[in-house]
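First the structure, in the form of structure tokens, and then the observations on it.
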């Protein structure tokens, strides 16, 4: 029996700031290569399995919000261990049941090679049914944010968009996004870590906690 303390945790291995590992694989939109998405934002996410309740609701929600991601110049790419033909059958069911066509690619990963490279599954696991991992990858191919949800809790599409908006806003303004920030709210300025600035600030916290005077992406 494997010692559970020796099992790498899901999401382990890659860190924020790492380059997203490149790969080429079959998908529902044809042969696909991750590095072909350079120059735009990309959200790569795993789902435990096709034809499952929570995953189906996620894909319906993402299909309904596809235009919102496209508006932000962000592509979506899903991945699971199911076969390409399973993906096709599932997408047909979603279209017939909900009247929605899922047009973003779903990658097949039956050997878990991609999932393990990204830490989506443990090196000891035989399937990907334990986690819903999401990677936010910037136009340079750098991982900028990651989230992990358990198999029995679906992702929040609104939070995916909020994270994307926050990352794009802080890049554009060289600023900081405070807790619960949404587009249209003020960003925080980068703190000026000099003694002159500390002493010259009007308030005791103004030198490190101040409004950037900008509202970020709209």
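Here, each number is a calculation from the coordinates, and none is a lab measurement. What you are looking at is a predicted structure, and each value in this text was computed from that prediction instead of being measured.
Equivalent-ellipsoid semi-axes for segment 4-155 (Cα gyration tensor, √(5λ), whole Å, largest first): 22, 19, 14. Here segment 99-190 is treated as a sphere whose radius is the Kirkwood value from Cα pairs; by Stokes-Einstein at 37 °C and 0.692 mPa s it diffuses with a coefficient of 210 µm²/s. Please report the relative contact order for segment 33-93, taking Cα pairs under 8 Å with a sequence separation of at least 6, and give it as a percent rounded to a whole number. With pairs under 8 Å counted, the relative contact order is 49 percent.
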